[in-house]
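In what follows, a structure is listed as structure tokens, so that the remarks can point back to it.
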Amino acid sequence: MTRFGTTTTKDVSNRTRAYLASEFLKVMYPRLLLCLFAQHALIPKNQTEVIEWRRYLPLPTDPKVLAEGVTPKPGKMQWEDVAATLMEYYDLYMITNRVEDTHTDPTLQLSKDYLGKAAAVMFEKVTAAELLGGINVFYANGASRSAVNATVSYSLIQNVVRMLERNLAEPITKALSSTPAYGTEALDDCYIAVCHSDLAKDIQNCDRFVEKKNYGSVTPYPQEIGAIGPVRFLKNNVLTAWAGAGGDAGGTVLTSSAGKADVYPILIFGADAYGCVALKGYKTKNADGKGTAVSPVEISVVPVDKRDKDDPLGQRGYVGWRSYYVAKILQDLWLSRVEVACSV
């Protein structure tokens, strides 16, 4: 399992290692979005490559009348364990001595910026790929993706909310903070919708749309578009369109293939609909509920002037990261994919 370290060579000082890891995380965390609203699990170090979430089943709610003097027979809480196999992801880049010797910008500083941004997108893509496989689908029109050529509407969002409420999906009341500090931020009860920024105009044109500046005491996310009813919409460009997968575009919606509409997904979900590996946390617990801060992202730095038999002149250095990660749908009925076209 991952070693919760920051580098694989002793030739970089502890101070530099800590700085690079901290800066990498500062760049990465604000760019995560889908990861924030998941049910999080910390990797059990050196134990297993399979991670599990516990999913409790609804309790029976038929009225139970207590008989005088008779001790009732207790029931049992029912649950299921949902397992997923961890995958190891990485990014690695080479730095040559010529770049290091002649480039005016600090190479490692630039590397952690680029790597942090790319890592956030990579983790978001892994999470999105899992969530897009959910079984609940709503189409803007028609009964399949190949028919979609209409944009998002208030009535469509109403139908999704009705489905979530019918299936007892709880509104989201907290989310992981978007900073390197491990903690949660309180939210007013809401469902979360995540979509591509191309759809912002269509969402804003829906009936009963509320701009984020009119939320009152609610603090919006930087990526937030606004709200329709109990659904808050956030943009994440990882959720790209299926090019030309819809019905006839007719000149009113975006198309990139033979006059067929591009189809965009919108993910709408309630609390605990899916889980993922927490990309921050605490390895041990103290009385304050915290402990030794850890991150399952390992930063690796090999300096340019590190000489060995494979690089006797010290011409190449390397900077990269690796991490174990997985995302998993936990409650299909609390997650929906909406497929819509996008107006020109």
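Derivation of every value follows stated rules applied to the coordinates shown; laboratory data play no part. Please read these numbers as outputs of a predicted model, since none were measured by experiment. Ideal geometry is used to build each Cβ from the backbone, glycine not excepted, and the neighbour counts take in all protein chains shown.
Things to note:
- Put simply, when 238-250, 261-273 are sorted by average Cβ atoms within 10 angstrom per residue, most first, you get 261-273, 238-250.
- Backbone phi angles across the stretch 152-162, fed through the Karplus curve with coefficients 6.51, -1.76 and 1.60 (θ = phi - 60°), yield HN-Hα couplings of 5, 9, 4, 5, 5, 5, 4, 5, 5, 4, 4 Hz in residue order; Gly and Pro are listed as x.
- Calculated from backbone phi, Karplus (6.51, -1.76, 1.60) coupling profile of the stretch 331-344 in Hz, x at Gly/Pro: 9, 4, 6, 9, 9, 9, 10, 9, 10, 9, 8, 10, 5, 6
- Gain upon complete extension [Arg55, Tyr93; 0.36 nm per residue less C-alpha separation]: 9.7 nm
- Residues Tyr221, Tyr325, Tyr215, sorted so that the one with the fewest Cβ neighbours within 10 Å comes first: Tyr215, Tyr221, Tyr325
- A protection proxy built from the mean count of other Cβ atoms within 10 Å ranks the segments 64-77, 25-38, most packed first, as 25-38, 64-77.
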